[in-house]
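**Q** One structure follows; several queries about it will come next.
The values are calculated or read from the model by the stated rules, or taken from the named source; none is laboratory data. Predicted model only: the values in this text are computed from it and were never measured. Glycine gets a Cβ as well: all are built from the backbone with ideal geometry, and neighbour counts include every protein chain shown.
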Amino acid sequence: MMLCVLTVFTAPAALDFGMELLAKVKAKYGGDGVSRVLEWQTFIESVRPLTEKEKLKKVNDFFNQQIEFVDDIELWGMLDYWATPIELLAQGAGDCEDYSIAKYFTLRELGVPDKKMRITYVKAIELNQAHMVLTYFDTPRSIPVVLDNLIPAIKQATKRRDLLPVYSFNGSGLWLAKTRGSGKRVGGSSRLQKWGGLKDRMLSNNL
């Protein structure tokens, strides 16, 4: 995944469920796409009153159960495409990056601080392939837990011996990972080209 310098962008892109967006979704993905996006909106509102721990489980379950895993080449005709949450829901399908990104932005919308979460690029050892998950730190020194589309349970990173971390990022930073730890910060997440492009699409509602 290529790194390049982009304009620094640290604030989360706000989720937009306006009529203009829904019209775009319907035109491109049809009525089923609109229904899935509205279901997501209803889900978000139902989860708002819950505790942070409960939100993690609900969001992890929602995407793992609602979204079909499909490789980028089959879904988008590209080897590596990072979909926005709207694109993911409208399609009803995506790959590991898309699950992780959608969980991240949904939890941000639900008030979980950016500093507690990182989208983490790993090697799935048993599958012998690149993979992406969302990790959550209850405190800066705590062992993170892993939200993953491969398994339904949220487990501590120390229990996921099948995953080898490579790097992680969130809205403000980029870290080179050390084994199941917080890693070394190497700059802003604006260095990730696909991350910057995804956020630009979210801000412009460019589906």
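**Q** Looking at (1) touching a helix residue (DSSP H, G or I) at 6+ places or on another chain (Cβ under 6 Å); (2) modelled with pLDDT under 95, which one does Ser168 not meet, given that it meets all the others?
**A** Only one criterion is unmet by Ser168, namely (1).
**Q** On to the next question. Going through the stretch 35-49 one residue at a time, which ones are surrounded by 14 or more Cβ atoms within 10 Å (Cβ to Cβ) and either charged (D, E, K, R) or in contact (Cβ under 8 Å) with a residue 40 or more places away in the chain (or both)?
**A** Arg36, Val37, Trp40, Ile44, Val47
**Q** Looking only at the stretch 7-39, filter to residues that are under 19 Å from Arg118 (Cα atoms) and touching a Gly at 6+ places or on another chain (Cβ under 6 Å); which one of those is modelled with the lowest pLDDT?
**A** Val8
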